[in-house]
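Trainee: Just dropping this structure here.
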Amino acid sequence: MRFGTVDVKEKSFRTYALLLLFLGAVGAHKFYLSKVAMGFLYLVITVFAVVLHPLFIVLILMWVVDFSTGREQVREVNAARLAKAPPPEPV
């Protein structure tokens, strides 16, 4: 979508789902949605889960929640990005 001179691209659920499936343990899907703090949380939990194996259960639960709420998360990010876009310039 294009507004004036700013190009606002919508985030894709397909990309989100693929990142979650293949790189979800390191939080790539959260970084894709610009949720950096949550991305780092996934990364930290993964690093600690290598030593403390019960943390893998937490990671799996987080993954299931993200997978089930993914479409809504992508919609929210797209709506927020669209709201921040400047109005079109008058002709």
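The values are calculated or read from the model by the stated rules, or taken from the named source; none is laboratory data. Everything numeric in this text was worked out from a predicted model, so none of it was measured. Counting neighbours? That spans all protein chains shown, and the Cβs are built from the backbone with ideal geometry, glycine included.
Trainee: Name the residue that is farthest from the chain's Cα centre (by Cα), counting only residues in region 25-43 that are part of a helix (DSSP H, G or I), small (Gly, Ala, Ser) and surrounded by 14 or more Cβ atoms within 10 Å (Cβ to Cβ).
Mentor: As a first pass, look at region 25-43 and keep what is part of a helix (DSSP H, G or I): 25-26, 28-32, 36-43.
Retained after the next criterion (residues that are small (Gly, Ala, Ser)): 25, 28, 37, 39.
Now restrict to residues that are surrounded by 14 or more Cβ atoms within 10 Å (Cβ to Cβ): 25, 28, 39.
Details: ALA25: 12, ALA28: 7, GLY39: 8 Å.
So the residue we want is ALA25.
Trainee: Now for a different question. For residues that are surrounded by 12 or more Cβ atoms within 10 Å (Cβ to Cβ) and outside any loop (DSSP other than H, G, I, E, B), scanning just region 1-20, find the one that is modelled with the lowest pLDDT.
Mentor: Across region 1-20, the extreme among qualifying residues is PHE3.
Trainee: For region 67-85, which residues satisfy the criterion of being closer than 15 Å to SER34 by Cα and surrounded by 15 or more Cβ atoms within 10 Å (Cβ to Cβ)?
Mentor: The answer is GLY70, GLN73, VAL74, VAL77, ASN78, ARG81.
Trainee: Report yes if some residue within region 44-54 is surrounded by 14 or more Cβ atoms within 10 Å (Cβ to Cβ), at pLDDT below 95 and among the small types (Gly, Ala, Ser); otherwise report no.
Mentor: Yes, region 44-54 contains at least one residue that is surrounded by 14 or more Cβ atoms within 10 Å (Cβ to Cβ), at pLDDT below 95 and among the small types (Gly, Ala, Ser).
Trainee: Residue pairs, Cβ under 7 Å, 6 or more apart or interchain, first in region 67-86 and closer than 11 Å to GLU10 by Cβ, second outside any helix (DSSP H, G or I) and small (Gly, Ala, Ser). List them.
Mentor: That search, which allows pairs on different chains as well, returns VAL77/SER34.
Trainee: Could you list all residues from region 51-76 that are farther than 16 Å from GLY27 by Cα and either out of contact with any helix residue (DSSP H, G or I) (no Cβ under 7 Å at 6 or more places or on another chain) or in a loop (DSSP other than H, G, I, E, B) (or both)? First the steps, then the outcome.
Mentor: Here is the first cut: in region 51-76, the ones farther than 16 Å from GLY27 by Cα are 51-54, 71-72, 75-76.
Within region 51-76, VAL51, LEU52, HIS53, PRO54, GLU72, ARG75, GLU76 meet the criteria.
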